Amino acid sequence: MLVAATVPVASIAWTIHLAAAPDPFAADAGLTVAVGLLIFSVVDAADIVLSRGRWARWLGQAIVAAGGVLFVVTDGAAASYVAVALSAVALVGLTGPWLDGWIRQRPSVEGPGPRPMGVVFGALALVPLAGVASPAGLEVWHGVVGATGVVLAWGYARAMAWALWALRLALPLVAIPGIVIGPWGGAVLLAAAIAVVTTLAWSHESLLAVQPLLDRRPPPRIGTARGEQPGTEPADG
């Protein structure tokens, strides 16, 4: 759909802008923020087209809002005006009534629920947050935190139990050096994000997303539909 394409197109424009004029971010920090937004925009576009989930509209609007923040805080280069114009087009597409007939108005019965989705999005958010937390330049551990978030989000989205336990136990440990070496404002931001992701990962709903409850109903009894005794083989002929 055309609306789905507008979100990643706007994110690509912000990537070009931050590559050309990243101030007040260092070049690597600005690029990390842009790549994080681009990851989210691709996920959002895929869900609009394939899953038609309600959260896709909200996520797209959040991405557009992040672009508006970048327009305010970064250098007003010509590319930023192009990017904000494309973000405005995406916002109109996401809020217009033409999506009402396409986006599901009710949550899916088989959907993972808000907490598992929060785990995935929270882990992915560590990529742009790593750039925001270290505006003067990325340290190695900030890159490790962002990369870990992507890997664990991918593993958890594929219902792998190891990813859930890594989100619960390993991610906070990996994040400690990045929190300690960063500026205090970035440290608070990164620590808060890790705390939210870890808390959501420890919820029972997040566990059920990778280890669903077993069906404990008894197996069907052969022959009962014909009036035969349970457990007996049907008579021949």
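Rule-based calculations on the coordinates, nothing more; no lab input. In this text the structure is predicted, and so the values were computed from the model without any measurement. Ideal geometry is used to build each Cβ from the backbone, glycine not excepted, and the neighbour counts take in all protein chains shown.
Once you keep just the Cα pairs under 8 angstrom separated by 6 or more residues, what percentage relative contact order results for the chain? Normalised by residue count, the contact order of the chain is 20 percent.
Positive end of the charge dipole of the chain (Lys, Arg +1 and Asp, Glu -1 on Cβ, about the Cα centre): tell me which of G93, V151, G76 has its Cα farthest that way. My answer, from the dipole projection, is G93. Kindly state, to the nearest 0.05, the FRET efficiency for A26 paired with I176, given R0 = 22 Å and r defined as their beta-carbon distance. Calculated value: 0.45. Cβ crowding within 10 Å, taken as a proxy for footprinting-reagent exposure, orders R57, R115, R104 from fewest neighbours to most as R104, R115, R57. Please compute the contact order of the stretch 1-42 in relative form: average sequence separation of alpha-carbon pairs under 8 Å and at least six residues apart, divided by the residue count, as a percent. Relative contact order comes out at 48 percent. Each stretch of four or more DSSP H residues adds -39500 (n - 2.57); spread over every residue of the chain, this sum gives -21500 deg cm²/dmol at 222 nm.
If you bin all the Cα-Cα distances of the stretch 1-104 at 5 Å, starting from zero, the percentages per bin are 2, 15, 26, 23, 15, 10, 6, 2, 0. The angle between the Cα long axis of helix 114-133 and the main principal axis of the chain comes to about 20°, on a 0 to 90 degree scale. With the simple model of a label 7 Å out from the Cα in the direction of the Cβ, A195 to L50 spans 3.5 nm. Along its principal axes, the chain has C-alpha extents of 85, 45, 24 angstrom, given from the largest down. Computed from the Cβ-Cβ distance with R0 of 25 Å, the FRET efficiency linking W184 to V72 stands at 0.65. Highest mean packing comes first when the peptides 174-183, 144-153 are listed by Cβ atoms within 10 Å, giving 144-153, 174-183.
Let me know the charge dipole size of the stretch 1-144 about its Cα centre in debye, to the nearest 20, where only the beta-carbon of Lys, Arg (+1) and Asp, Glu (-1) is charged. With Lys and Arg at +1 and Asp and Glu at -1, about 560 debye.
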